[in-house]
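Participant: I'd like to ask some things about the structure below.
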Amino acid sequence: MRTIEQITGKGLPLKGNDIDTDRIIPARFLKSITFDGLGEHAFEDDIEEIRKQGGTHPFKDVKYKGAGILVSNRNFGCGSSREHAPQALLRFGIKAIIAESYSEIFFGNCVSIGIVCFTASHETVEEILEWVEKNPAAEFTVSVKELKAAFGEKSFAFKLAEGPRGQFLDGSWHARSVLLLNKEKIENLEKSLPY
């Protein structure tokens with residue numbers, strides 16, 4: 001089983017509240033039977049809209065290329081319950097998210113695929129967003145075990161519910177691994193059933 005004690009990577013700032021799953025991955029890309037290729041379409045409509053206005057969306061900005069820790073604001077991942085949104089983020093390269101809050105279903109979908117979703121206060125998130133924008137090439141480590149990270153000279157504390165935190169630390173977030181660990185017990189139970 002793969003435990004997740006910490007995540008190291010560059011930050012990717014995505015300012016805004018109520019960033020929903022339809023923005024994360026537009027519905028027209030959900031026609032495939034696998035999640036492969038979803039990462040290249042993450043935020044595609046937002047990217048195009050900002051491009052038309054003469055700007056660059058953070059997901060297309062070369063200075064954030066290879067970033068693995070997304071930083072956003074309140075109610076991230078709201079909208080539909082589709083698991084394609086976290087899958088698109090994972091396939092883009094996102095391994096952790098720091099935000100003020102999340103949609104409950106989005107949060108659960110992230111846990112089930114190994115994306116750690118930390119929460120922090122509005123003030124903390126704003127400071128981190130500012131730090132990442134000023135230091136786009138800098139890597140930092142976010143600790144699941146200690147629930148904190150250092151950004152330059154400053155350290156910030158995060159929250160993560162004990163249930164998901166425990167799953168990341170013991171590897172049980174990965175349901176298939178848990179099943180495989182118990183393969184013998186499952187087979188023995190199967191043999192004992194009268195049908």
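Participant: Determine, from the Cβ-Cβ distance of residue 172 and residue 193 and an R0 of 30 Å, the FRET efficiency 1/(1 + (r/R0)^6), rounded to the nearest 0.05.
Facilitator: 0.75
Participant: Order the peptides 50-63, 69-82 from the highest to the lowest mean number of other Cβ atoms within 10 Å of their residues.
Facilitator: Result, highest mean Cβ count within 10 Å first: 69-82, 50-63.
Participant: Give me the dipole magnitude in Debye, nearest 20, for the stretch 1-148 about the Cα centre, with unit charges on the beta carbon: positive for Lys and Arg, negative for Asp and Glu. Mind showing how you got there, number by number?
Facilitator: Details: 18 positive and 22 negative charges, 90 e Å.
I would put it at about 440 debye.
Participant: Could you give the length gained on full extension between residue 2 and residue 81, defined as 0.36 nm per residue of separation minus the Cα-Cα distance, in nm?
Facilitator: 25.9 nm
Participant: Taking R0 as 45 Å, what FRET efficiency do you get between residue 36 and residue 153 from their Cβ-Cβ distance, rounded to the nearest 0.05?
Facilitator: Values: r = 41 Å, r/R0 = 0.91.
Plugging the Cβ-Cβ distance into 1/(1 + (r/R0)^6) gives 0.65.
Participant: Normalising by the residue count of the chain, find the relative contact order in percent from Cα pairs under 8 Å and 6+ residues apart.
Facilitator: 27 percent
Participant: With a cut-off of at most 16 other beta carbons within 10 Å, and DSSP calling the residue loop, which GluC sites (Glu not before Pro) in the stretch 63-155 qualify? Please list them.
Facilitator: Within the stretch 63-155, the qualifying GluC sites (Glu not before Pro) (loop, at most 16 other Cβ atoms within 10 Å) are 146, 153.
Participant: Here's another thing I want to ask about it. Trypsin sites (Lys or Arg not before Pro) within the stretch 128-195: which are DSSP loop residues with at most 16 other Cβ atoms inside 10 Å?
Facilitator: Loop-located and lightly packed - 145.
Participant: Using R₀ = 30 Å, calculate the FRET efficiency as 1/(1 + (r/R₀)^6) where r is the Cβ-Cβ separation of residue 28 and residue 122; round to 0.05.
Facilitator: 0.35
Participant: Residue 17 to residue 53: extension gain in nm, 0.36 nm per residue of separation minus the Cα-Cα distance?
Facilitator: Extra length from residue 17 to residue 53 when fully extended: 10.9 nm.
Participant: For the chain, set up a Gaussian network in which alpha carbons nearer than 10 Å are linked by springs, and say which option among 16, 166, 114 fluctuates the most.
Facilitator: Looking only at 16, 166, 114, the largest GNM fluctuation is found for 16.
Participant: Moving to a separate point now. Using a basic spin-label model with each label point 7 Å from the Cα along Cα→Cβ, how many nm lie between residue 186 and residue 137?
Facilitator: 4.7 nm
Values quoted throughout were computed directly from the atomic coordinates according to the rules given, and no laboratory measurement underlies them. These figures come from a predicted structure and were not determined experimentally. Because the Cβ atoms are built from the backbone with ideal geometry, glycine has one as well, and the counts that use them run over all protein chains shown.
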